[in-house]
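Below: the structure, in structure tokens.
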Amino acid sequence: MKLIYTRPESLKKAAFHYCPGCGHSVAHRLVCEVIDEMELRGRTIGIPPPGCSVFAYNYFDVDMAESAHGRGAAVATGIKRACPGIIVFTYQGDGDLAGIGTAETIHAANRGENITTIFINNAVYGMTGGQMAPTTLSGMKTTTTPYGRDPATEGRPMRMSEMLAPLEGVAYIERVAISSPANIRKAKKAIARAFRMQIDNRGFSMVEILSPCPTNWKMTPVQSWKWVEEEMTRVFPPGVYKDVTEPENAG
Amino acid sequence: MRWSAPRLPSRSTVSKVLMDGNSAIAEAAIRAGLRCYFGYPITPQNELTEYMAMHLGRKKGCTFLQAESEVAAINMVYGASLVGARAMTSSSSPGISLKQEGISYLAACELPAVIVNMQRGGPGLGSIAAAQSDYFQATRGGGHGDYRTIVLGPSSVQELADMTMRAFDLADKYKIPVMILGDGVLGQMKEPVEFKREAPEITPTREGTLQGAGGGASRIVKTFTSNPSELEEINWSLFRRYQLIKKNETTWDTYMTDDARLVVVAYGIAARIARGAIKSLRAKGLKVGLFRPVTLWPFPDEPLRELVKNVRQLLVFEMNMGQMIEDVQLALAGKGEVSFYGRPGGVIPAPDEVGRVMSRLYYQKGLK
Ligand SMILES: Cc1ncc(C[n+]2csc(CCOP(=O)(O)OP(=O)(O)O)c2C)c(N)n1
Ligand code: SF4
């Protein structure tokens, strides 16, 4: 018998607390598969954020340490500078990375910190109950934009991948979507590529994952996956935004 | 523990060098095995950051990094401490406010770190002149949550150096952030200083922190929980450690208190000024002395209570509107008589001025 699907070793035998259809559980699994396949478990430290994924340390079977809201990139910087041999990844939501942690993220990227960021863009603040995030789509209703996000007063969705890619310290940025089995496979490849950049000391790497939040979008899981595919990708086009190992993308 | 007050070094000893306080802290930290320094420019502590840039940045295995903000700097300290490096940051009052979030996380996760606050006048942007207006913030934890940090109050460049080394040891021993609460004068004045340790060949790495799970079980550093009684237990365990620190590490110093009838209570640069005043008043026959808290947290309340068995009149002198006086009053619980003299906003009174306040009080209270 050929084993084609099993629990990754780096994923603890614990039941996820995430809502049905949530992108976090898929993203966790992908990161764990990559850590296993690249044999990084023993020398990896993960930094989960405050956010729906705050309990990520209950699922990832690697060393994990909590971070203050938005400060993941700074914490990872401290770890990596003190112990360059350790593989460090931050796992951050869009409120965390694109809101309160913008400064830490931009400067870590600009310094070319040799760290990997898994950036979950679900267009809302999930944990606190579905408020507007910097990535909320124009016109989208959230608990703090009950009439829809108005670009005139609330700005337009912030595109972090596009913003960070031109910085010279950035080695690799790709945006992927959790919206179909094919796209999930793409997401895994991107995560593996990002970790590869870190192993090769190339600088800052990030994978932005468009990720469904059925609960706060008030959709069924199936609807939410479709919404990622059809609506989110129009504002946040998937693709490789930077890859220093590909000359035409070197920026 | 009674602080063996380092006397000002005499010029004849070659091992002593003339140095400003900020640089002396930096040199002492490097000799204490500092591996990572993260800072952000602010006066009056820039010499410290610049010294680190010059001398730590190029040391093998060490990191100097000018962060994008104080918030980032303290979180970098958190990261470096997580993996066992001796790590520190320094700033002055407005920047220390920004570090409070990170200090709270360090305290919560029981991570050692050294934080230097070269206080300046406040509130707000305030002034760049020396002040003692952050006493409350420093000794009450400072950030959110129920925690303490050890707070050291040096009053000479020699003490800045000695206490920096002590700060790293205390931080590691008790897995706690330690703050050195100086001020702009201490940071920028030059005095002879002797470094009591050589720089270590290999900078130490602590055991017991995250290093990657290797082949073993993974570990988690965190406080967040959905179960209040779990967090209550964390708070209790921190509290028990704080009790131990109080018992073992409370430190103070006295000057001419044996026959004193009026004792000034002051710390840091204010204690230094008071000492000058006491010297001249003694020459005029006034029996005055100094009680100097060296650890500001834990505050030396027991020795202060001992003191008022013999001296009734105390004068608390601070470069603020009265902060440490609350700890003095708490310690004395109504015993003795406590007066206050303060100069806030970055004004540095001369010893003569403090001397006049003391002698007025001395005569008013009929001590002569
Ligand atoms: C300093 C601070 N401010 C606010 C919060 C409250 N808070 C917790 S998580 C969060 C944002 C969560 O949104 P996001 O980062 O998008 O992650 P998600 O929950 O959607 O995965 C906020 C505002 C906090 N923990 N700390
Ligand atoms: S609220 Fe949204 S992001 Fe949070 S667990 Fe539920 S689906 Fe996932």
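The values are calculated or read from the model by the stated rules, or taken from the named source; none is laboratory data. The model shown is predicted, which means the values in this text are computed figures rather than measured ones. Cβ atoms come from the backbone with ideal geometry, glycine included; neighbour counts cover every protein chain shown. Surface areas here come from the heavy atoms of the whole protein model, side chains and all, with no ligands, DNA or RNA. Shrake-Rupley method; radii C 1.70, N 1.55, O 1.52, S 1.80 Å.
Okay, here's what the table says:
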read-out: Rounded Å value of the spacing that divides the Cα centres of segment A:150-167 and segment B:154-201; value: 45
read-out: Global form of the protein assembly as shown, assessed from the alpha-carbon gyration tensor, a/c cut-off 1.5; value: prolate
read-out: Buried on assembly, segment B:96-129 (at least 30 Å² less accessible surface than by itself, 1.4 Å probe); value: B:E101, B:Y105
read-out: Relative contact order of segment B:298-353, defined on C-alpha pairs under 8 angstrom at six or more residues apart (%); value: 41
read-out: Spatial separation of Cα centroids for segment A:197-251 and segment B:241-281, in angstrom; value: 61
read-out: Peptides ranked, highest mean first, by Cβ atoms within 10 Å: ranges A:199-211, A:153-165, B:150-162; value: B:150-162, A:199-211, A:153-165
read-out: Heavy atoms of B:H144: accessible area, 1.4 Å probe, square angstrom to 10; value: 110
read-out: With every protein chain in place, segment B:17-193: carbon and sulfur % of accessible area (1.4 Å); value: 55
read-out: Cα gyration tensor shape for segment B:17-193, rounded if a/c is under 1.5, else prolate or oblate; value: rounded
read-out: Interchain or long-range residues, amide H under 5 Å from B:I150's placed H; value: B:M179
read-out: Near-label residues of segment B:137-168 by backbone N, under 20 Å of a point 7 Å along Cα→Cβ of B:F239; value: B:139-150
read-out: Inter-site label distance for A:H17 and B:S226 at 7 Å from Cα along Cβ, in nm; value: 0.4
read-out: Aspartates and glutamates whose Cα lies under 12 Å from that of B:K196, excluding same-chain neighbours fewer than 8 positions away; value: B:E27, B:E159, B:D162
read-out: Rg and Dmax of chain B, Cα atoms only, in Å; value: 20.8, 75
read-out: Value of relative contact order over segment B:16-85, rounded to a whole percent, pairs C-alpha under 8 Å and six or more apart; value: 36
read-out: Total charge dipole magnitude, segment B:160-251, about the Cα centre, Cβ charges on Lys, Arg, Asp, Glu only, Debye to nearest 20; value: 240
read-out: Threshold 40 Å² - residues in segment A:37-53 whose accessible area is reduced by that much or more when the chain is no longer isolated, probe 1.4 Å; value: A:R41, A:G42
read-out: Debye, to nearest 20: dipole size of segment A:95-162, +1 on Lys, Arg Cβ, -1 on Asp, Glu Cβ; value: 160
read-out: Most fluctuating residue given options A:I173, A:I115, A:I106, as computed from a GNM of chain A linking Cα atoms under 10 Å; value: A:I106
read-out: Potential lengthening between B:R197 and B:K365 on full extension [0.36 nm per residue; Cα-Cα distance subtracted]; value: 55.8 nm
read-out: Dipole of the protein assembly as shown, positive direction: furthest Cα of A:L167, A:G126, B:V83, with charges on the beta-carbon; value: B:V83
read-out: The protein assembly as shown - accessible surface per residue (Å², probe 1.4 Å); value: 40
read-out: Cα gyration tensor shape of segment A:9-119, rounded if a/c is under 1.5, else prolate or oblate by comparing a/b with b/c; value: oblate
read-out: Farthest toward positive dipole pole in the protein assembly as shown [+1 Lys/Arg, -1 Asp/Glu at C-beta], among B:F64, A:I100, A:S179; value: B:F64
read-out: Hydrodynamic radius (Kirkwood) for segment B:252-364, which is based on Cα pairs only, to one decimal in Å; value: 13.7
read-out: Set of lysines with alpha-carbon distance to B:K222 below 28 Å, sequence-local pairs under 8 removed; value: A:K12, A:K13, A:K80, A:K188, B:K99, B:K173, B:K175, B:K246, B:K247
read-out: Chain A: relative contact order in percent, alpha carbon pairs under 8 Å with at least 6 residues between; value: 19
read-out: Nearest-ten-degree value, helix B:351-364 long axis tilted from longest Cα axis of chain B; value: 50
read-out: Length gained when the stretch A:T153-A:E37 is fully extended (0.36 nm per residue, less Cα-Cα span); value: 37.1 nm
read-out: By accessible area with a 1.4 Å probe, ligands and nucleic acids excluded, highest first: order of B:V185, B:V116; value: B:V185, B:V116
